[in-house]
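Read the structure below first, then the notes.
The values are calculated or read from the model by the stated rules, or taken from the named source; none is laboratory data. Please read these numbers as outputs of a predicted model, since none were measured by experiment. All Cβ positions, glycine included, derive from the backbone under ideal geometry; neighbour counts span all protein chains shown. Note: accessible area is taken over every heavy atom of the protein model, side chains too, but ligands, DNA and RNA are not part of it. Shrake-Rupley method; radii C 1.70, N 1.55, O 1.52, S 1.80 Å.
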Amino acid sequence: GRVYPRFGIVPSLLLAPGWSQIPAVNLALNAKAQLVSSLFTAKVVSDLDTAEGNADSMEEIKEYKDKNGYSDRNMIVAWPMVGVGDYRYYFSAQLAAHMELLAANNGGVPSASPSNKDLKITGLYTDDGEEIMLEMDEANDYANACGIVTAINHNGWKCWGDNTAAYPSSSDPIDRLINIVTIFDYIENNFKLTFFHKVDDLMDYRLID
């Protein structure tokens, strides 16, 4: 909450790799994302827990997501963990950096979907190191269909999925599409930044317009 007053930067994505797979942490991040520095809105990039007995297989991810409250339009949920060589880490770290790079390459405007863009990974894994390989149909039917972002190897590893965690409960593009919810935040936050200096000015029709 102190990022903006300290650095003058508006946080657009909140993440806690290694912690957001804990449902209580994810919900706390989501609550903070709805009002950052008492003024701005952001999105949460989080993970599902791939430990044994949780979301450790594609057949388990929908039940785990639904049971643990990963269901808000402010949440962009990634599954499973990703790896580069022998090193494994939480997908949310890669996905958030991936989204920020897309925005940076577009003048800072987050209008591009992260789906079907190259990822710098070499594999997908569960928490205990078991490798996961998804066919495109499996990624669509088990992950994207329940509002989870994953990855597929299709002439190189690609991020796969452009639905927020609100899908399929909401099929409205304003709720479900990642680039739509992030661009709405961008527009809202920029409006607040642009006109904040007008707060407490004398009210007249010109100011209202």
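Of the residues in region 104-137, how many are free of Cβ contacts under 8 Å to residues at least 24 places away in the same chain, among the aliphatic types (A, V, I, L, M) and outside any loop (DSSP other than H, G, I, E, B)? Number satisfying all stated conditions: 1.
Which residues, taken from region 140-182, are out of contact with any Leu (no Cβ under 9 Å at 6 or more places or on another chain) and open to solvent by less than 30 Å² (accessible area, probe 1.4 Å)? Hits for region 140-182 are 144, 146, 147, 161, 165, 166, 170, 178, 181.
Before we move on, is residue 181 in a strand (DSSP E or B) and either among the aliphatic types (A, V, I, L, M) or farther than 15 Å from residue 44 by Cβ (or both)? Spelling it out, it is not the case that residue 181 is in a strand (DSSP E or B) and either among the aliphatic types (A, V, I, L, M) or farther than 15 Å from residue 44 by Cβ (or both). On the stretch given as region 102-119, residues that are surrounded by 13 or more Cβ atoms within 10 Å (Cβ to Cβ) and not hydroxyl-bearing (Ser, Thr, Tyr) total 8.
Residue-wise test of (1) modelled with pLDDT under 95; (2) more than 16 Å from residue 124 (Cα to Cα); (3) open to solvent by less than 30 Å² (accessible area, probe 1.4 Å); (4) among the small types (Gly, Ala, Ser).
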position: 2; (1), (2), (3), (4): yes, yes, no, no
position: 33; (1), (2), (3), (4): yes, yes, yes, yes
position: 41; (1), (2), (3), (4): yes, yes, yes, no
position: 45; (1), (2), (3), (4): no, yes, yes, no
position: 48; (1), (2), (3), (4): no, no, yes, no
position: 61; (1), (2), (3), (4): no, no, yes, no
position: 73; (1), (2), (3), (4): yes, yes, no, no
position: 76; (1), (2), (3), (4): no, yes, yes, no
position: 85; (1), (2), (3), (4): yes, no, no, yes
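State yes or no: is residue 186 closer than 30 Å to residue 77 by Cβ, at pLDDT below 90, of a type outside the set (S, T, N, Q) and more than 14 Å from the chain's Cα centre (by Cα)? Yes: the conditions hold for residue 186. Considering only residues in region 19-49 that are under 14 Å from the mean Cα position of the chain (by Cα) and part of a strand (DSSP E or B), the one that is farthest from residue 89 (Cα to Cα) turns out to be 43. Of the residues 126, 122, which is surrounded by fewer than 18 Cβ atoms within 10 Å (Cβ to Cβ), β-branched (Val, Ile, Thr) and over 17 Å from residue 182 (Cα atoms)? Being surrounded by fewer than 18 Cβ atoms within 10 Å (Cβ to Cβ), β-branched (Val, Ile, Thr) and over 17 Å from residue 182 (Cα atoms) holds for just one of 126, 122, which is 122.
Of everything in region 138-178 that is in a helix (DSSP H, G or I) and acidic (Asp, Glu), the residue that is modelled with the lowest pLDDT is 175.
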